[in-house]
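*Asks:* Structure incoming, see below.
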There are 2 protein chains.
Amino acid sequence: MSLKTVICVLWAVCVGHTEGIQHGPNIIIMLMDDMGWGDLGVFGEPSKETPNLDVMAAQGMLFPNFYTANPLCSPSRAALLTGRLPVRNGFYTTNAHARNAYTPQEIVGGISQDEILLPELLKKKDYVSKIIGKWHLGHRSQYLPLKHGFDEWFGSPNCHFGPYNNSVRPNIPVYNNSEMTGRYYEEFEINVKTGESNLTQIYLKEGLDFISQQATAQRPFFLYWAPDATHSPVYASERFLGKSQRGRYGDAVMELDDSIGQILAHLVSLGIHNNTLVFFTSDNGAAVMSGAHQSGSNGPFLCGKETTFEGGMREPAIAWWPGRIPAGTVSYQLASVMDLFSTSLSVTGVLPPDDRVIDGLDLSPVLFNNSLLDRPIFYYRGNQMMAVRIGQYKVHYWTWSNSWEEYNTGINFCPGQEVPGVTTHTQEEHTMQPLIFHLGQDPGERYPIRSEVMCLSVLGNGVKTVGPG
Amino acid sequence: MSLKTVICVLWAVCVGHTEGIQHGPNIIIMLMDDMGWGDLGVFGEPSKETPNLDVMAAQGMLFPNFYTANPLCSPSRAALLTGRLPVRNGFYTTNAHARNAYTPQEIVGGISQDEILLPELLKKKDYVSKIIGKWHLGHRSQYLPLKHGFDEWFGSPNCHFGPYNNSVRPNIPVYNNSEMTGRYYEEFEINVKTGESNLTQIYLKEGLDFISQQATAQRPFFLYWAPDATHSPVYASERFLGKSQRGRYGDAVMELDDSIGQILAHLVSLGIHNNTLVFFTSDNGAAVMSGAHQSGSNGPFLCGKETTFEGGMREPAIAWWPGRIPAGTVSYQLASVMDLFSTSLSVTGVLPPDDRVIDGLDLSPVLFNNSLLDRPIFYYRGNQMMAVRIGQYKVHYWTWSNSWEEYNTGINFCPGQEVPGVTTHTQEEHTMQPLIFHLGQDPGERYPIRSEVMCLSVLGNGVKTVGPG
């Protein structure tokens, strides 16, 4: 043992376990499933079911203007892990204009071998990566997480749809790394009638154990924690069932919130909280078409999942890194799940791929200096760019909620909401004269700004007084 | 000077200025004008304009289920000060079924001489009472605040409507105690074009001075702080104009929030915060019919001001009393502005009148022990009881947004919202088979529970799974 090593060890013992860690920060991305912006107490859910997330926000940075890259699970998750829009990473459809890509469920495709995922890149700095929960980027063996950079996996390639009880359509499998360890509704019980399931507890334990193991081994880690309790059919464990004023959906939220509190507390108890960036968000807006019992809240926003209105794509988001991110701050940065890719690379000192377009933005200046960076938000359905946000302005080139055919069967993507000419049931093109909203003044997209007023106002004294009176 | 007095004075000096105060707690009621539930950061406004109110909530008790007694200014304010429903205190109409009582503006009436107002009762314990801002309980001399228990007044009998510039309809007067000291748009400028006015600053200074004077004199006080900057035409002072992402309405919110922060800080600096109950709320829901520039947000709730949907009557509410009310608590108590009357009497040790019905509830057990008390909420328009809430269930006996005649002129009480059979433009009676909502699961009143399901469910295993799937 050299003198230098002895000094290092002694110093580490003196200043405490974690201070001696030489590796880059750990990364934890907590991705909820179909949870809406308005489901958090800090974003106004009246039942206030998320005390732990509210504390996380008070200790970290809250993002009211955070977006997914697509209002549907698979493309959103593919965008997060590749830092690229679905039209680049392949998770889109062309066969039905403005339909969302549901690729890995409907067909046998999945994430392309040519895409480079975040855990693959983090390997360059010896990160151990684990995904816990839903993958959703393809269920055939070549598409599974361990083939795309993850070292460990506990979870499923798909949602917990079911139960299916015929040999043609087996229940969705649950994997432990590369081995199937059971199936939903069989070894991993979900009681659709009572809503009871221990899955969130299992995912929590998997998360805590993984963190403990890496802390003990002093290895840097990336944990992608993606539980799916708030996706229909929603579930919670016995301890949480009946606890929320909202019913079963709220019970699921309360259990996830409790789990998040436990994970953060675990980081603190291990002394690695000052070396761990935790980011909480959701994959798309609340699935309001599923009704009051099986879906959450998009707060003041229009419509929900599968649409390119704010309710479909604006997500709850909190960044937490004690000692690095100033506590109790609100960032108005327009940000995206794709930024989690670029930011994770930045804080760990890994260069992004230089052979392709990366749509993610490095949010480090936002997180550490509360800077505001110029950047647009693109709203896609399938391969159709429906809308763009720049600053407070959102421009719809196309509007569409869902088809009359679907709507007439009782499926409503905007229940209780109707904005004439905006929540259209036919695909309406506005490319020659786009619909414009000021999302600061009108977050609910209720008052399109008339173009002539807009022009006059931009020519005049700015845009402050644009809109109806 | 007796020995006892000397000892008392010495003791007061030793333990600090305020510890020697023998009088009951001061009461401050901060009543906003047309501010919506969703306008506070802590209730989900995306622009997060209310850091001081959010801190007030973190230091006090937040009420997500707090209601006004009527979705309109005058009857709401009369209910607050009398502890009685408008149908009891006279602020209702019978001449047009389900119209709201706008009495003090449209006719020459006002608060009845027979009503006993909170400041009259507090006089029994030598409280000094001041109203700052809008009165709205009658503009003829016999109805003004100093005739109804207030010792001081700075403000106006009415809203800051105008400007009027003809002798038939003069501008609304502003009073300093019993003397008119000027008029809106004349001595008290409001620039409708730019939105600039110093009125909130004037009301703030009046409030701080009054508090200082009573603290110095060691007199218990009741301050009813009722600024009207968020009532159309909304205004803010130069320092706040253009500061909010929401435009002028948000600027007004930011200035009010800043003022509230200053008032709370002033209580702390005077050392009387541990002896002062501060309650923040609003008089009715956001006036969403006024459009995006002149109105606020009712968050996830249906419709707004003038309606008996949640957006019309659910109010932002925070109670603050350091050392007495546990910090950072959320109370799900169903509560009402009328409870501020009963609670103020309770904490000051004054008995309520025993010759009349008082509708207010003493919230002391809620504030100090976080108890939950059984109580219904009644939703009135004029003399018509439109709906009742008991627990999580709300029952609509009548539905009505506004008339087709009014709606067809472009006035919409539910912009962007439409729930078939609920947001009706004709007065729809449901007394034989009321519309039922579960507000925990469905705060937005989008999914009426079918009666037959309700009955079956109540007869069966409880009501957890009631409603559409």
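The values are calculated or read from the model by the stated rules, or taken from the named source; none is laboratory data. Quick caveat: nothing in here was measured; it's all calculated off a predicted structure. Cβ atoms come from the backbone with ideal geometry, glycine included; neighbour counts cover every protein chain shown.
*Asks:* Does the stretch A:363-400 hold any residues that are among the polar types (S, T, N, Q) and modelled with pLDDT under 95, and which are they?
*Replies:* Once the filter is applied, which keeps residues that are among the polar types (S, T, N, Q) and modelled with pLDDT under 95, the stretch A:363-400 yields A:Asn383, A:Gln384.
*Asks:* Could I ask something else about it? Sort out which residues of the stretch B:20-54 are acidic (Asp, Glu) and surrounded by fewer than 24 Cβ atoms within 10 Å (Cβ to Cβ), and write them in order of number.
*Replies:* Listed by number, the list holds a single entry, B:Asp54.
*Asks:* On the basis of being aromatic (Phe, Trp, Tyr) and within 14 Å of chain A (Cβ to nearest Cβ), does B:Tyr249 make the cut?
*Replies:* yes
*Asks:* Does B:Ala78 fit the bill of being in contact (Cβ under 8 Å) with a residue 60 or more places away in the chain and either part of a helix (DSSP H, G or I) or more than 14 Å from every other protein chain (Cβ to nearest Cβ) (or both)?
*Replies:* Answer is no for this residue.
Conditions (1) surrounded by fewer than 19 Cβ atoms within 10 Å (Cβ to Cβ); (2) modelled with pLDDT of 95 or more, marked per residue:
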site: B:Thr94; (1), (2): yes, no
site: B:Asp114; (1), (2): yes, yes
site: B:Lys134; (1), (2): no, yes
site: B:Arg140; (1), (2): yes, no
site: B:Asp151; (1), (2): yes, yes
site: B:Phe154; (1), (2): no, yes
site: B:Tyr164; (1), (2): yes, no
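*Asks:* Please identify the pairs in which a residue from the stretch A:41-62 that is at the interface with another protein chain (Cβ under 7 Å from one of its Cβ atoms) has its Cβ atom under 6 Å from the Cβ atom of a residue that is surrounded by fewer than 24 Cβ atoms within 10 Å (Cβ to Cβ) and not in a loop (DSSP other than H, G, I, E, B), counting only partners at least 6 apart or on another chain.
*Replies:* Partner pairs satisfying both residue conditions: A:Lys48/B:Val330.
*Asks:* When the residues of the stretch B:262-293 are filtered to those that are surrounded by fewer than 23 Cβ atoms within 10 Å (Cβ to Cβ) and among the polar types (S, T, N, Q), which remaining residue is modelled with the lowest pLDDT?
*Replies:* So, considering only residues that are surrounded by fewer than 23 Cβ atoms within 10 Å (Cβ to Cβ) and among the polar types (S, T, N, Q), the one modelled with the lowest pLDDT is B:Ser290.
*Asks:* Would you check which residues across the stretch B:288-297 are more than 8 Å from every other protein chain (Cβ to nearest Cβ) and closer than 17 Å to B:Gly444 by Cα and list them?
*Replies:* B:Val288, B:Gly296
*Asks:* Answer yes if at least one residue in the stretch A:345-365 is under 30 Å from B:Phe301 (Cβ atoms) and touching a strand residue (DSSP E or B) at 6+ places or on another chain (Cβ under 8 Å), and no otherwise.
*Replies:* Scanning the stretch A:345-365, I find no residue that is under 30 Å from B:Phe301 (Cβ atoms) and touching a strand residue (DSSP E or B) at 6+ places or on another chain (Cβ under 8 Å), so the answer is no.
*Asks:* Next question, about the same structure. Would you check if B:Asp359 is free of Cβ contacts under 8 Å to residues at least 40 places away in the same chain, under 30 Å from B:Asn26 (Cβ atoms) and not in a strand (DSSP E or B)?
*Replies:* No.
*Asks:* If a residue must be out of contact with any strand residue (DSSP E or B) (no Cβ under 8 Å at 6 or more places or on another chain), within 14 Å of chain B (Cβ to nearest Cβ) and of a type outside the set (A, V, I, L, M), how many such residues does the stretch A:320-330 contain?
*Replies:* The number of residues fulfilling the criteria is 1.
*Asks:* Scan the stretch A:411-421 and give yes if some residue there is outside any loop (DSSP other than H, G, I, E, B), away from chain B (no Cβ under 13 Å) and at pLDDT 95 or above, otherwise no.
*Replies:* No, the stretch A:411-421 contains no residue that is outside any loop (DSSP other than H, G, I, E, B), away from chain B (no Cβ under 13 Å) and at pLDDT 95 or above.
*Asks:* Quick check: anything in the stretch B:394-401 touching a residue at least 40 places away in the same chain (Cβ under 8 Å), among the polar types (S, T, N, Q) and touching a Cys at 6+ places or on another chain (Cβ under 6 Å)?
*Replies:* For the stretch B:394-401, residues touching a residue at least 40 places away in the same chain (Cβ under 8 Å), among the polar types (S, T, N, Q) and touching a Cys at 6+ places or on another chain (Cβ under 6 Å): present.
*Asks:* Taking the conditions exactly as written (over 28 Å from A:Gly247 (Cβ atoms), within 14 Å of another protein chain (Cβ to nearest Cβ) and in contact with a helix residue (DSSP H, G or I) (Cβ under 8 Å, 6 or more places away or on another chain)), does A:Gln333 satisfy them or not?
*Replies:* yes
*Asks:* Does the stretch A:218-232 contain at least one residue that is out of contact with any helix residue (DSSP H, G or I) (no Cβ under 9 Å at 6 or more places or on another chain) and at pLDDT 95 or above? Break it down into steps so the answer makes sense when it comes.
*Replies:* Here is the first cut: in the stretch A:218-232, the ones out of contact with any helix residue (DSSP H, G or I) (no Cβ under 9 Å at 6 or more places or on another chain) are none.
No.
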